[in-house]
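The values are calculated or read from the model by the stated rules, or taken from the named source; none is laboratory data. Since the model is a prediction, treat every value here as computed from it, not as a measurement. Using ideal geometry, Cβ is built from the backbone for each residue, glycine included, and neighbour counts are taken over all protein chains shown. Ligands, DNA and RNA are excluded from the accessible area calculation, which covers all protein heavy atoms including side chains. Shrake-Rupley method; radii C 1.70, N 1.55, O 1.52, S 1.80 Å.
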Amino acid sequence: MIDENGSIIADMGAVVLVNKTSVSKGKNDTFEITISPREHLSNEPVLEALDSDYTVKAVRGIGLDWVFHLNEIQRLAL
C-alpha cells in the first residue's frame, strides 16, 4: 500500500519488486503515481484506491516505470 506521500505503508508481497515510488497530487483530487520496478514487468501492476472511487489508467513511463493516473469519480448526491 502506498499513501499520498509515496510512502509504502503495507507490504502485500510486491515490495521486493519495487525500486522506487513517487506520488504527485494534481487539481480536483487527481493523482499521478509512478512505480519504478527492479525488473521488467510485462503487465501493469494492479493499483486500487482504498478510501475513494477513482478511475485508474496505467501507461508505460521512462525505462521500466509504470505511471498511473487516478481521477476521482464524482458522485451526485440525491
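Checking each residue of segment 6-14 against the condition of being surrounded by fewer than 10 Cβ atoms within 10 Å (Cβ to Cβ), in a helix (DSSP H, G or I) and modelled with pLDDT under 90 gives no match.
Sort out which residues of segment 63-78 are among the charged types (D, E, K, R), open to solvent by 70 Å² or more (accessible area, probe 1.4 Å) and touching a helix residue (DSSP H, G or I) at 6+ places or on another chain (Cβ under 9 Å), and write them in order of number. Walk me through it before giving the result.
Taking segment 63-78 as the starting set, the residues that turn out to be among the charged types (D, E, K, R) are 65, 72, 75.
With the extra rule that they be open to solvent by 70 Å² or more (accessible area, probe 1.4 Å), the set shrinks to 75.
Answer for segment 63-78, where residues must be among the charged types (D, E, K, R), open to solvent by 70 Å² or more (accessible area, probe 1.4 Å) and touching a helix residue (DSSP H, G or I) at 6+ places or on another chain (Cβ under 9 Å): there is none.
I'd like the residue in segment 37-62 that is hydrophobic (A, V, I, L, M, F, W, C), open to solvent by less than 100 Å² (accessible area, probe 1.4 Å) and modelled with pLDDT of 90 or more and, out of all such residues, is farthest from residue 8 (Cα to Cα). Looking at residues that are hydrophobic (A, V, I, L, M, F, W, C), open to solvent by less than 100 Å² (accessible area, probe 1.4 Å) and modelled with pLDDT of 90 or more, I get 59. The residue that is surrounded by the fewest Cβ atoms within 10 Å (Cβ to Cβ), among those in segment 20-36 that are free of Cβ contacts under 8 Å to residues at least 24 places away in the same chain and more than 13 Å from residue 4 (Cβ to Cβ), is 27.
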